[in-house]
Structures are given as C-alpha cells and as structure tokens.
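Each remark here refers to the structure printed beneath this line.
No value in this document is a laboratory result; all are computed from the given coordinates. These numbers were taken from a predicted model, which means no experiment stands behind them. Backbone-built Cβ (ideal geometry, glycine too); neighbour counts: all protein chains shown.
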Ligand SMILES: [Zn+2]
C-alpha cells in the first residue's frame, strides 16, 4: 500500500481522499486518530493518504499533483455573472452586487 500524500492537517487529507475517490481509486487516511498525540509526532508525518494497491499509484500521484497545483493557485478569479466584478473563487456570493455565484467543479 503506497503512500501518495502526506497531509499537513485533516482537512487537506480529506480533500485529497475525496479527489482520489472521485477518480475511482480506493484510498484511505491513516493517522486521523493520532491527533491527541500531537507533539509526539510531527504533524506532516502523522496524516498520510494511501491507495490500496501499487497499480493505482501512478494515477493517484497525478490526482495529488493536480490537487497541490490547485491549492497553490487557489483557482482563477471569475467575473460575477451579475455585475462583472472579478471574484476570487472562494466567494460564493458577489461582494459588490450580492448575486450568488454558480459553483463549478
Ligand atoms: Zn456582482
């Protein structure tokens, strides 16, 4: 069972797990029960995402690489469909005109 990702926190680990499952891989997280032991184990060693077989490793790494790239950029800004204001992707609602933005995968 190869490790494909070492997560800094549970949120990251869960996001990667969701991406891997969306790609049709069977993956799991180890280390989520160790949160009570923080201080004993370096955090980025404590949480790992695994795939179930070596055959899935290459695809899993592609998914992780894309995930890491998207984390770095945070996604592109998009124009509001109501007023055209450029909005960062984390905004669900336009701060300028109040229009709700459609959430795209
Ligand atoms: Zn707007």
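Projected label points at residue 30 and residue 58, each 7 Å from Cα along the beta carbon direction, are separated by 2.4 nanometres.
Given a Förster radius of 25 Å and the C-beta distance between residue 95 and residue 11 as r, what FRET efficiency does 1/(1 + (r/R0)^6) yield to the nearest 0.05? Numbers along the way, then the final one.
Working: r = 24 Å, r/R0 = 0.97.
E between residue 95 and residue 11, to the nearest 0.05, is 0.55.
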